[in-house]
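Before any comments, here is the structure.
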Amino acid sequence: MRELIKMIVVLTVISLASGGLLAALREGTQERIELQTLEFVKGPAIRSVLQGSSNDPIASRFQIKDGDVLRNFFVGVFDGQPTAVALETSTKGYKGDMGMMVALDVKQNKLIGVAVTTHAETAGLGAKAQSDPKFGGQFKGASVAAPLKVTQDGGSINAISGATITSRAVCGGVSNALAVFEKLKPQILEKMKEVK
Amino acid sequence: MAKTLTQEFTKGLWAEIPPFRLVLGLCPTLAITNTVENAFGMGIAVTFVLTFSNIMISALRKIIPPKVRIVAFIVFIATFVCVVELVMQAYTYSLFMKLGIYIPLIVVNCIPMGRAEAFASRFGVVRSMLDGLGLGIGYTLALSTLATFREIIATGSITLYEKPIAILGASFEPFKFLVEAPGAFICLGLMLGIMNILGKK
């Protein structure tokens, strides 16, 4: 009986100590890990949609609570003014979820860039949404007001051949991003003023 | 015959060098020795886990009831592996992405478990620390040697911090086979053979 109690006590104490140590470490490194993940996983997409900005969009980011989710916004400074903002949305692709970074100019209400961050689309077909700059480039300069659709659906975006579903998904994702932007516009504009 | 403290440390570098002499920890030895950088990073991670788990286990060896010792060892090893994982994620993210699943897999690596059972649970803290440090550094050396060999022959250069350093010159035709999985087995086999020849007196 004594042995049994000793076993339980020792293991409990060891586990508690380990758990405490890990929790403390996790707390201490969380912010840095988030930053590193942004830098390495989303960094390339953020930099490509906000190409030419004079600041570091990852450093000048802010968060806004949208319902239950906390969204990250990345600000781009052009000609000394914080005029562009990028946000990430996700939609259903042909296979699984697709994440995309959408950047828009808040002064002119225009899209300035779209880049796919994560996807599980077919290599050589749907995957071109990420790798082929021609597809993403079509969104550049499109007005925020007009709905974005592929040509088959009466829109202006040329779908990637053989990957209409993926192309539609990207259009849907961009529309989602625009909807989020419209919904949170006052807060976004407010926060952007603080960026220098 | 008791070993001196220096011998406890140096045995890990040659006489008991993990992958070649003890033939332990082979999964990462085969899987991540395709570049020197990966191999070195993996070696450092294992050294850290091994040293600290050895210290903790040896310090608490009289308190841990023998019936649950394996569970306690695993808790210690897993804790230090998590520490390594978090620290790597926070400071060396690109290496963390490349090593990927092999970092959590240190938990089931035979080296920390084997040393805990065979050494740290029987000897004092200083000895166990030196044992862990020695074997860890030996492991790092072994992985780096294997990786240097494979990377140079497979690509003709060594890549450190994303900058390739040409070693064999432009006329060298890269022998890509060696960075693939079968190349790992062949290189490891050759290394084990060489170690056996050298070890024969």
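Of B:119, B:54, B:87, which is farthest on the positive side of the dipole of chain B, counting Cα position, with +1 on Lys and Arg Cβ, -1 on Asp and Glu Cβ, and the Cα centre as origin?
It is B:119.
Counting alpha carbon pairs within less than 8 Å and at least 6 residues apart, what relative contact order, in whole percent, applies to region A:80-196? Provide the component values of the computation, followed by the final result.
Values: 204 pairs, mean separation 30.0, N = 117.
Relative contact order comes out at 26 percent.
Order these by the 10 Å Cβ neighbour count, fewest first: B:131, A:132, A:105. Don't jump to the answer; show the numbers that get you there.
Details: B:131 26, A:132 11, A:105 17.
Fewest-to-most Cβ neighbours within 10 Å comes out as A:132, A:105, B:131.
Of the residues A:97, A:66, A:56, which exhibits the maximal mean-square fluctuation in a Gaussian network model of chain A defined by a 10 Å Cα contact cut-off?
A:66
Using a simple spin-label model with points 7 Å from Cα along the Cα→Cβ vector, what separation in nm is obtained for residue A:97 and residue B:171?
Between residue A:97 and residue B:171, the simple spin-label model gives 5.6 nm.
Using +1 at the C-beta of Lys and Arg and -1 at the C-beta of Asp and Glu, which of A:117, B:44, A:37 has the Cα lying farthest in the positive direction of the dipole of the protein assembly as shown?
Value: B:44.
Would region A:1-103 count as rounded, prolate or oblate if I go by the C-alpha gyration tensor, calling it rounded below 1.5 in a/c and otherwise prolate when a/b exceeds b/c, oblate otherwise?
Details: a/c = 3.83, a/b = 2.54, b/c = 1.51.
Note, shape of region A:1-103 comes out prolate.
At a Cα cut-off below 17 Å, give the lysines reachable from residue A:193, other chains included and same-chain residues fewer than 8 away excluded.
Within reach: A:107, A:185.
Anyone know which of B:163, B:62, B:176 comes out most mobile in the 10 Å Cα GNM of chain B?
Sorting by GNM fluctuation, first place goes to B:163.
Using Cα-Cα distances under 8 Å and only pairs 6 or more residues apart, what relative contact order does region B:5-140 have, in percent?
Details: 178 pairs, mean separation 67.6, N = 136.
It rounds to 50 percent for region B:5-140.
³J(HN,Hα) across region B:116-124 via Karplus (A = 6.51, B = -1.76, C = 1.60, θ = phi - 60°), whole Hz, x for Gly/Pro?
So the Karplus estimates, Gly and Pro as x, are 4, 6, 8, 10, 4, 7, 10, 10, x Hz.
Please state the relative contact order of chain A as a whole percent: Cα pairs under 8 Å, 6+ residues apart?
Values: 304 pairs, mean separation 31.2, N = 196.
It comes to 16 percent, rounded to a whole number.
So which of A:95/A:134; A:134/B:176; A:92/B:98; A:95/A:128 end up more than 24 Å apart by C-alpha? Kindly include the intermediate steps, with their values, before the conclusion.
Working: A:95/A:134 22 Å; A:134/B:176 33 Å; A:92/B:98 28 Å; A:95/A:128 14 Å.
Exceeds cut-off: A:134/B:176; A:92/B:98.
So if each residue of separation counts as 0.36 nm, and I subtract the Cα-Cα distance between residue A:35 and residue A:122, what length gain in nm does that give? Walk me through the numbers before you get to the answer.
Values: separation 87, 0.36 × 87 = 31.32 nm, distance 2.97 nm.
Full extension from residue A:35 to residue A:122 adds 28.4 nm.
Nearest 0.05, what FRET efficiency do residue B:70 and residue B:23 give at R0 = 22 Å with Cβ-Cβ as r?
After rounding to 0.05, the efficiency reads 0.55.
To the nearest 20 debye, what is the magnitude of the charge dipole of region B:5-140 about its Cα centre, counting +1 on the Cβ of each Lys and Arg and -1 on the Cβ of each Asp and Glu? Present the calculation step by step, with values, prior to reporting the outcome.
Working: 10 positive and 6 negative charges, 92 e Å.
In debye, rounded to 20, region B:5-140 gives about 440.
How many angstrom lie between the Cα centre of region A:1-76 and the Cα centre of region A:86-135?
25
Using 7 Å Cα-to-Cβ label points, what is the residue A:179/residue B:125 separation (nm, one decimal)?
Distance between label points: 6.1 nm.
Taking the Cα centre of the protein assembly as shown as origin, work out the dipole magnitude from +1 charges on Lys and Arg Cβ and -1 charges on Asp and Glu Cβ, in debye rounded to 20. Don't jump to the answer; show the numbers that get you there.
Working: 39 positive and 28 negative charges, 164 e Å.
So the magnitude is around 780 debye.
Run the reach check for residue B:11 against lysines, Cα to Cα strictly under 29 Å, same-chain hits fewer than 8 apart removed. What comes back?
Residue B:11 reaches B:3, B:62, B:200, B:201.
Which of rounded, prolate or oblate describes region B:137-191 when judged by the alpha-carbon gyration tensor and an a/c cut-off of 1.5? Could you put the intermediate results ahead of the total?
Numbers: a/c = 2.30, a/b = 1.27, b/c = 1.81.
In terms of gyration-tensor shape, oblate.
Would you mind giving the mean number of other chain beta-carbons within 10 Å of the Cβ of each residue in A:7-16, as a whole number?
Per residue, the number of nearby Cβ atoms from other chains is 4 on average.
Which residue, A:125, A:148, A:70, tops the fluctuation ranking in a GNM of chain A built on C-alpha contacts under 10 Å?
With Cα springs under 10 Å in chain A, the top fluctuation among A:125, A:148, A:70 is at A:70.
Rank the residues A:192, B:113, A:101 as a footprinting-exposure proxy: fewest other Cβ atoms within 10 Å of their Cβ go first.
Details: A:192 20, B:113 17, A:101 26.
Fewest to most other Cβ atoms nearby, the residues stand as B:113, A:192, A:101.
At residue A:190 and residue A:63, where each label point lies 7 Å from the Cα along Cα→Cβ, what is the point-to-point distance in nanometres?
That separation, rounded to one decimal, is 1.8 nm.
On a 0 to 90° scale, report how tilted helix A:2-37 is relative to the longest principal axis of chain A, with both axes built from alpha carbons and the result rounded to the nearest 10.
Between helix and principal axis, roughly 20 degrees.
Readers should treat all values here as calculations from the given coordinates under stated rules, not as data from a laboratory. Computed from a prediction, not measured in an experiment: that's the story for all the values here. As a convention, Cβ positions derive from the backbone with ideal geometry for all residues, glycine included, and neighbour counts pool all protein chains shown.
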